[in-house]
1. By counting other Cβ atoms within 10 Å of each Cβ, how are 256, 228 ranked from fewest to most?
2. Report the gain in length on full extension from residue 283 to residue 296: 0.36 nm times residue separation, minus Cα-Cα distance, nm rounded to one decimal.
3. Using Cα springs under 10 Å in a Gaussian network model of the chain, which residue among 37, 215, 150 shows the largest mean-square fluctuation?
4. Obtain the nm distance between the two label points defined at residue 16 and residue 180 by a simple spin-label model: each point lies 7 Å from its Cα along the Cα-to-C-beta direction.
5. Just the number: Rg to Rh for region 4-89, Cα atoms, Kirkwood Rh, two decimals.
6. Rounded to the nearest 5, what % of the DSSP beta bridges within region 4-89 are antiparallel ones?
7. At a temperature of 4 °C and a viscosity of 1.567 mPa s, determine how fast region 205-305 diffuses translationally according to Stokes-Einstein, using the Kirkwood radius over alpha-carbon pairs as Rh; express D in µm²/s, rounded to the nearest whole number.
8. As a footprinting exposure proxy, order 93, 153 by other Cβ within 10 Å, with the fewest listed first.
Ligand SMILES: Cc1cc2nc3c(=O)[nH]c(=O)nc-3n(C[C@H](O)[C@H](O)[C@H](O)COP(=O)(O)OP(=O)(O)OC[C@H]3O[C@@H](n4cnc5c(N)ncnc54)[C@H](O)[C@@H]3O)c2cc1C
């Protein structure tokens, strides 16, 4: 990797509309409130700046990664790369009456998208109401809840590929599976915006459905302590939370990171937890579940690599 000051200076000089923050505090960039710092954070305001940053990172061997709200990311104490966060330009949306479609910028919050559609009386993405991420993160993770997942309503995605080319792919061209997409397997692709196909329903019905989802979360998930949602993917034919509970791990604590007493697949930051606390607890759970149930748990939460 080239020496920091020059590399960052060259990066900054070529930016057209975006800004670069050096050594951003990572704990402000994820819902777990973990982590130290990264080399820099690009607040991206145009595609050209994303492409030029990615290109320079490739040339200099500097890692880069696009992030949303960090609601499914385990941040390290130091990350020697550039984080790309989509700014205002990527929070636009368009709702087209003729074909019941809606196009959302990848930086828009899931709940905002769900609310906009509910006002219109368009149904499909109600489940996004309780997911604290962005549309880009929802597509990458194929986020889902209450029996629906993001790919179910997807029409097409605009994205930047590994070589920095702009692409548009229809849903049929993209392979999605449980919490997985072509964007989560590569991690070197940037979702810019997505078009969804929806159906019409009364706004009242939609509101009721979203209120039900909201109540469910209040009853079943920790509300006050920082967390990143489900830490582990459900194994085939099993439920991670049930396995963890059966192993008596509810409330197990490493440092300041605890397996939630409310939901066993959530880990909560009791205040001042480190990334290392989270990693140690994750490894401990994996080992214990293997010993007790002979089942391998895989993490749903992504790490920066
Ligand atoms: C309280 C709570 C409840 C949750 N409930 C659910 C739930 O019910 N269902 C569910 O599926 N998840 C749930 N989650 C997890 C999380 O909110 C989702 O996975 C969400 O989709 C992540 O979005 P994000 O914008 O925060 O992405 P981040 O956490 O920032 O990133 C996650 C991954 O997506 C990639 N990514 C982000 N933006 C882009 C982009 N524009 N282009 C390409 N890749 C991108 C990142 O590189 C990273 O690999 C929950 C989390 C919390 C804290």
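Just so you know, all these numbers are worked out from the coordinates, no wet-lab data involved. The shown structure was predicted, so the numbers you read here are calculated from the model rather than taken from an experiment. Using ideal geometry, Cβ is built from the backbone for each residue, glycine included, and neighbour counts are taken over all protein chains shown.
1. 256, 228
2. The residue 283-residue 296 span can extend by a further 3.6 nm.
3. Per the Cα network of the chain with a 10 Å cutoff, 215 tops the list.
4. Roughly 3.7 nm, to one decimal.
5. 0.95
6. 30 percent
7. Numbers: Rh = 14.3 Å.
Using the Kirkwood radius from Cα pairs, D works out to 91 µm²/s.
8. Ranked by crowding around the Cβ, least crowded first: 93, 153.
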